[in-house]
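Please read the structure below before turning to the comments.
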Ligand SMILES: Cc1cc2nc3c(=O)[nH]c(=O)nc-3n(C[C@H](O)[C@H](O)[C@H](O)COP(=O)(O)OP(=O)(O)OC[C@H]3O[C@@H](n4cnc5c(N)ncnc54)[C@H](O)[C@@H]3O)c2cc1C
C-alpha cells in the first residue's frame with residue numbers, strides 16, 4: 001500500500017521518546033518511525049511542566065533509561081543541571097523540567113531526531129487489523145501503518161463534579177483544571193485562600209509551589225483521608241524477600257505485612273523493606289485472576305498508591321513549613337459541585353460541607369483516555385481488569401475479544417497498570433520501552449532496517 005508507515009507511536013511524551021531511543025539503538029531506521037503528538041518529544045504531561053518548583057519524586061539514580069547504563073541520567077544531570085537546591089539527605093531530586101530537557105536532548109542529540117517524522121496532531125481513532133492500521137486525526141489526513149504503539153500516558157485531570165458559573169459573562173480565572181503544566185499557579189496572589197481537590201502528589205506539587213512563592217493564605221486540602229504521601233527516605237535494597245509459592249491476595253497481604261518493620265513509614269528502614277518487596281509485585285500481580293486483581297486493588301489500592309508515590313524531600317519540607325504556620329487544613333469528603341465567580345469559589349461536598357475560597361485547583365489525578373475508550377467501543381480492545389484502561393498481555397500486545405491479541409498493536413506506559421502491575425514510574429516505563437524495542441527489532445522489523 002502506498003505511503004504505509006512502518007512504526008507509528010501514538011503519543012509524544014516520555015514513553016514515546018524512550019521507545020524511539022531504543023528502536024534506533026537496535027538498528028531500526030529513523031525513516032521507519034513516525035511519532036504522533038503536538039508537543040516536544042519526550043516532555044509529555046509529566047516533564048513538560050514550566051514550574052521550577054515541581055521536582056522529580058525519585059532520586060537521581062532511579063530514572064533508568066538504559067538497563068546497561070543505569071547512571072546515565074545521574075551523570076548527565078551533574079554535567080548539565082545547575083540546581084543547588086536539588087541536593088537532600090535522600091539524594092538529588094532534580095526539577096521535572098530539567099528531566100524533560102534530558103529526555104528530549106537524549107533523542108535529539110544522540111539520535112538525530114530531525115530525521116524522525118512527527119505528526120503534530122491527536123489520534124482520534126484507529127481502524128483495521130494486524131499489519132494494516134488506519135489512524136484518524138484531528139486536523140490531519142488519515143495515515144496507514146503496519147505497526148502501532150499506543151503511548152498516550154496519563155490523560156490530564158478533568159473536573160470530578162459539576163461547575164456552576166454564577167456570572168457567565170466572566171472568565172474562569174478562579175478555576176485551575178489541569179495544574180500539571182504549572183503555568184496557572186504563577187497567577188495566584190499570596191493572600192488568596194486556595195482549595196485543593198485531592199490529596200496526592202499533584203496536591204503536594206501545588207503546596208510546594210505555593211510555599212516557595214511565600215504564600216500567606218489558607219490552603220484547604222479536600223480528600224477522603226487526612227493524609228498526604230510521605231517523603232522519599234534514603235533507602236537501599238539490602239535483602240531479597242523469600243516469597244511463598246502460590247500466593248493468593250490474602251497471603252500476599254499477610255506476607256507483606258510481616259515483612260515490613262514496625263518502624264515509621266517515613267523511615268529509611270521501612271522504605272528499604274518496601275522497596276525490597278516492589279520488584280516482584282508485577283510478576284505476582286500478573287498471576288492473579290481479574291477478579292482477584294479487582295478485589296486487591298479495591299482493598300489496598302489507596303494504601304499502595306500512598307506509599308509508592310512518595311514526594312521529594314523538598315516538597316515535603318515546603319508542606320511542613322506551611323503546616324507549621326497553620327495554613328493547611330484538611331477537609332474530609334468528596335466534591336459535589338463548584339459555584340464560582342471570577343475571584344470566588346464555593347465548593348459543596350457530598351457530605352454537605354461547604355468551603356469558600358478564591359481559587360480551586362483540581363488535583364484529582366488522571367482522567368480517562370478518549371482514544372482507549374474509542375478502541376473499546378469499536379471492539380478493537382477490551383477493558384483491563386480494573387476497568388480504567390485497555391488490557392494488554394505480558395508482551396504489551398493489546399488484547400481484543402475472546403482473549404485474542406494483536407501482533408502489531410501494543411501499548412506501553414501507565415495505561416498498562418491494570419494488566420501488568422506497578423507501571424507508573426519512569427524507570428518501569430523505560431524498561432517496557434526497551435523490551436518492546438527488542439521484540440520489534442528481533443521479530444518483525446528485520447526487513448525495514
Ligand atoms: C504530573 C506528573 C508527574 C510525574 N512525576 C513523576 C516523577 O517524578 N517520577 C516518575 O518516575 N514518574 C513520574 N510520573 C509518572 C509518569 O507516568 C511517567 O514518568 C511518564 O512520564 C509517563 O510517560 P508517558 O509517555 O506514558 O506519558 P506522557 O509523558 O504524559 O506522554 C503522553 C503524551 O501523549 C500525548 N497524547 C495523549 N493522547 C494522544 C493522542 N490521542 N494522540 C496523540 N498524542 C496523544 C499527550 O499529550 C502526551 O504528550 C509523573 C506523572 C505525572 C502525570
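Only the coordinates and a few stated rules stand behind these numbers; no lab work does. Remember, predicted model here, so these are calculated numbers, not experimental data. Cβ sites come from the backbone with ideal geometry, for glycine too, and all protein chains shown count toward neighbours.
Give the calculated FRET efficiency between residue 30 and residue 309 to the nearest 0.05, with a Förster radius of 30 Å applied to their Cβ-Cβ distance. Working shown, then result.
Working: r = 35 Å, r/R0 = 1.17.
Efficiency for this residue pair is about 0.30.
Would you kindly state how much longer the chain becomes between residue 164 and residue 403 on full extension, computed as 0.36 nm times their sequence separation minus their alpha carbon distance, in nm to one decimal?
Working: separation 239, 0.36 × 239 = 86.04 nm, distance 4.40 nm.
Net length gain for the segment: 81.6 nm.
Let me know the Rg and Dmax you get for the range 183-276 when you use only its Cα atoms, in Å.
Rg and Dmax of the range 183-276, Cα atoms, are 18.9, 57 Å.
As a footprinting exposure proxy, order 336, 298 by other Cβ within 10 Å, with the fewest listed first. Write down the numbers at each step before the final one.
Numbers: 336 16, 298 10.
Taking fewest neighbouring Cβ atoms as first place, the list is 298, 336.
Kindly state, as a whole number, the per residue volume in cubic angstrom of the convex hull around the alpha carbon atoms of the chain.
Values: hull volume 72.0 nm³, N = 449.
Here the figure is 160 Å³ per residue.
Once you treat every alpha carbon in the range 1-111 as an equal point and sum by Debye, what is log10 I(q)/I(0) at q = 0.22, 0.24 Å⁻¹?
Values, matching the q order: -1.23, -1.39.
Sorting 4, 411, 256 on the 10 Å Cβ count, fewest up front, what's the list? All intermediate terms of the calculation are to be shown ahead of the outcome.
Working: 4 12, 411 29, 256 17.
The fewest-first ordering by Cβ neighbours comes to 4, 256, 411.
Extending each Cα 7 Å along its Cβ direction at residue 109 and residue 427, get the distance between those two points in nm, one decimal.
Modelled inter-label distance: 2.3 nm.
Compute the length gained on full extension between residue 342 and residue 267: take 0.36 nm times their separation in residues and subtract their Cα-Cα distance, giving the result in nm to one decimal. Each step should come with its number before you reach the end.
Working: separation 75, 0.36 × 75 = 27.00 nm, distance 4.38 nm.
Taking residue 342 through residue 267 to full extension adds about 22.6 nm, to one decimal.
With an 8 Å cut-off on Cα pairs and a minimum separation of 6 or more residues, tell me the relative contact order of the chain in percent. Please list the in-between numbers first.
Values: 892 pairs, mean separation 101.3, N = 449.
Computed value for the chain: 23 percent relative contact order.
Calculated FRET efficiency, residue 212 and residue 238, Cβ-Cβ r, R0 35 Å, to nearest 0.05?
Numbers: r = 35 Å, r/R0 = 0.99.
The formula returns an efficiency of 0.50 here.
So what's the back-of-envelope 222 nm ellipticity for the chain, counting only DSSP H runs of four-plus at -39500 (n - 2.57) apiece and dividing by all residues, rounded to 500? The partial results should precede the final answer.
On the way: 12 runs with 141 residues, N = 449.
Result for the chain, helices only: -9500 deg cm²/dmol.
Whole angstrom only: what separates the Cα centroid of the range 402-416 from the Cα centroid of the range 65-81?
Between the Cα centre of the range 402-416 and that of the range 65-81, the gap is 30 Å.
Where the centroid of each part is defined by its Cα atoms, how far is the range 332-372 from the range 1-50 in Å?
35
Could you give the length gained by full extension between residue 393 and residue 82, i.e. 0.36 nm per residue of separation minus their alpha carbon distance, to one decimal place?
That pair, residue 393 and residue 82, stretches by 107.8 nm at full extension.
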